[in-house]
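The values are calculated or read from the model by the stated rules, or taken from the named source; none is laboratory data. A quick note: this is a predicted structure, and the numbers were derived from the prediction, not measured. Here Cβ is always computed from backbone atoms with ideal geometry, including for glycine, and neighbour counts include all displayed protein chains.
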Amino acid sequence: MYRSLKATASVSTHPQAVAIAMYGGASQSLPKAYRLLDRQWGGALAAAIKRPEFTRDAGSVTCLYPEGGTRLFVLGLGDKKSFREDTLRACLGSLLQNCFTSKVTKLHLELSPGLGHSFKPEPLGRLVGEMLIVSNFSFESCKGTAGGSGSGGGGLNLSIEVEQAQLAQVRRGLTVGRSANYARTLAATPPNIANPAYLVKQCKAMARKVGLKCSIIDAKKAQAMGMGGLVAVGAGGSTPPALICLEHIPPASKKTDSNKAPVLLVGKAITFDTGGYSIKPSANMDAMKYDKCGGMAVIGAMEAVAALKLPIPVVGLIPTAENMVDTKAYRPGDILTCYNGVTVEVTNTDAEGRLVLADALAYGTKKYKPRAAIDLATLTGGVVVALGSFCAGCFCSDSTLRSRLFDAGDAVGERLWHLPLWDEHRQMLKGTHGDIVNSGGRGAHPIQGAAFLSYFIGDEGPTQLSSLPWAHLDIAGVSDLKEAKSPWCKGPTGFGVRLLVKMLEGWK
Ligand code: BES
Ligand code: MN
Ligand code: ZN
């Protein structure tokens, strides 16, 4: 269910509802802060916890109606020993739905006493801000006359009240959450609308709005520059491929890092992946509109980086193409020359993501001389087989960059798992008539993807694993959900936006 949400955060009083949090388990005692508050609720909370049916199971939200009007939402945190922040995220998703149903427009959050003070106000505020926004996402713009009276039923101006120490981070969380939802809106937009030309238009408009520099390397230019991968993959598409370049240049000041090398983000944006002549089976092919999610994560992150005016230069590159079957389409057997001169024998036109990323990575690392490069891509079905849908696969041999990514992922609940990439994996890709093949047989699919990309990182890539700190995130398992799971609805998750922003905010 979705209604428009205008959330603001303040520290004012007189709420219509208060939300508190409680662990489950044997303990029947209330934290002191709640005991004091319970006086104004006439002891309703103390009475409730004596009742056997009063649940605080992980993820539950229970509504109490104390005398005097103020409603009380109790977020159930479950057993304290097995608590994870995802429980709180799930609670906040349900809490927002409760606010909609009961038309609460002023909500006071008093979660700290229940969570315990090891949960600091700032990260708690951030989590609250992000989750209230992302849990309200839904994609309605393609609903038509058979859509019913609309699940919407009007919007809600929700103002949230939090303690002063949380406020700044709640607000940042709202901003980052909106960017994650923007990435999800683009991801959900169907492939007959969201083609490469559409993404170019969207990025130009977004960049103008938030103050990013946006330049486009169109298909002609890409051809002239030697981007043989991007051009080949997009050759059969309904609109030509393109490389979208977004740049965040922080205003120069003592505090900023603007004279330093940027962080480079690269995201795969295949607007639809049929597999090309190595065509995919038809079952679930519709989900291949989500093959642009890596690129959408970069677009969302760049929007937030600009909105938050982060003091660090960041470049976002989004190679976009549609992988179709067409007389103009590329074929198995074609040999392509990529931007850095590496030639690729196409053994499988369905291994297209790595071909568009190859040019973007080679171009990005050469042109911008970044201090680090991170790419995100729905690159392989193999990573879904290996890791399922609970984390993304992370390839990164630089331990500093890896810590930055893992710490940020843990902080926002976008989990990563480390996978190996060795020279042996690079050898799997040796070509017969070209330098390398784009798919080298059955073994280690997700690693082959990473190994392929490594040929396009920095100056050394073509001959050996580069020393440039680089990470490849295979997000094929996490970029869309087959079923709703609070705070997430079915569909795109925006995976990567919150992680990247968190990482860039903390970059020292
Ligand atoms: N976009 C797919 C990967 C994918 C599969 C994403 C399932 C999400 C869900 C990618 O372009 C692809 O087709 N990969 C192939 C690579 C193979 C041909 C080497 C794969 O994983 O099977
Ligand atoms: Mn493919
Ligand atoms: Zn693909």
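Which pairs do you get when a residue that is at positive phi, found in the stretch 419-443, comes within reach of a residue that is of a type outside the set (V, I, T) and surrounded by 17 or more Cβ atoms within 10 Å (Cβ to Cβ), reach meaning Cβ atoms under 8 angstrom, with the pair 6+ apart or on two chains?
Matching pairs, first to second residue: G441/M428.
Tell me, please, whether a residue that is among the polar types (S, T, N, Q) and in contact with a strand residue (DSSP E or B) (Cβ under 7 Å, 6 or more places away or on another chain) can be found in the stretch 157-172.
yes
When both residues are 6+ apart or on different chains and their Cβ atoms are under 7 Å apart, which pairs have a first residue that lies in the stretch 461-478 and is closer than 15 Å to T365 by Cα, and a second that is of a type in the set (D, E, K, R) and surrounded by 19 or more Cβ atoms within 10 Å (Cβ to Cβ)?
H472/D375
Of (1) surrounded by fewer than 22 Cβ atoms within 10 Å (Cβ to Cβ); (2) of a type in the set (D, E, K, R); (3) away from ligand 2 (no atom under 12 Å from the Cβ), K289 satisfies all except one. Which?
Every listed condition holds for K289 apart from (1).
Going through the stretch 386-418 one residue at a time, which ones are without any contact (Cβ under 8 Å) to a residue 60 or more places away in the chain and surrounded by fewer than 18 Cβ atoms within 10 Å (Cβ to Cβ)?
S399, S403, D410, R415, W417, H418
If you check V266, V200, which single one turns out to be within 16 Å of I318 (Cα to Cα), within 16 Å of ligand 1 (Cβ to nearest atom) and in contact (Cβ under 8 Å) with a residue 12 or more places away in the chain?
Residue meeting the stated conditions: V266.
Taking N195 as meeting all but one of (1) in the same structural domain as L355 (by TED's automatic domain parsing); (2) surrounded by fewer than 17 Cβ atoms within 10 Å (Cβ to Cβ), write down the number of the exception.
(2)
For residues that are of a type outside the set (A, V, I, L, M) and touching a Leu at 6+ places or on another chain (Cβ under 8 Å), scanning just the stretch 316-344, find the one that is nearest to ligand 2 (Cβ to nearest atom).
So, considering only residues that are of a type outside the set (A, V, I, L, M) and touching a Leu at 6+ places or on another chain (Cβ under 8 Å), the one nearest to ligand 2 (Cβ to nearest atom) is Y330.
Is it the case that some residue within the stretch 215-228 is surrounded by fewer than 24 Cβ atoms within 10 Å (Cβ to Cβ), within 18 Å of V298 (Cα to Cα) and hydroxyl-bearing (S, T, Y)?
Yes, there is a match, as at least one residue in the stretch 215-228 is surrounded by fewer than 24 Cβ atoms within 10 Å (Cβ to Cβ), within 18 Å of V298 (Cα to Cα) and hydroxyl-bearing (S, T, Y).
Just give me the residues in the stretch 162-186 being assigned to a helix (DSSP H, G or I) and more than 15 Å from V305 (Cα to Cα), in sequence order.
The answer is Q164, A165, Q166, L167, A168, V170, R184, T185, L186.
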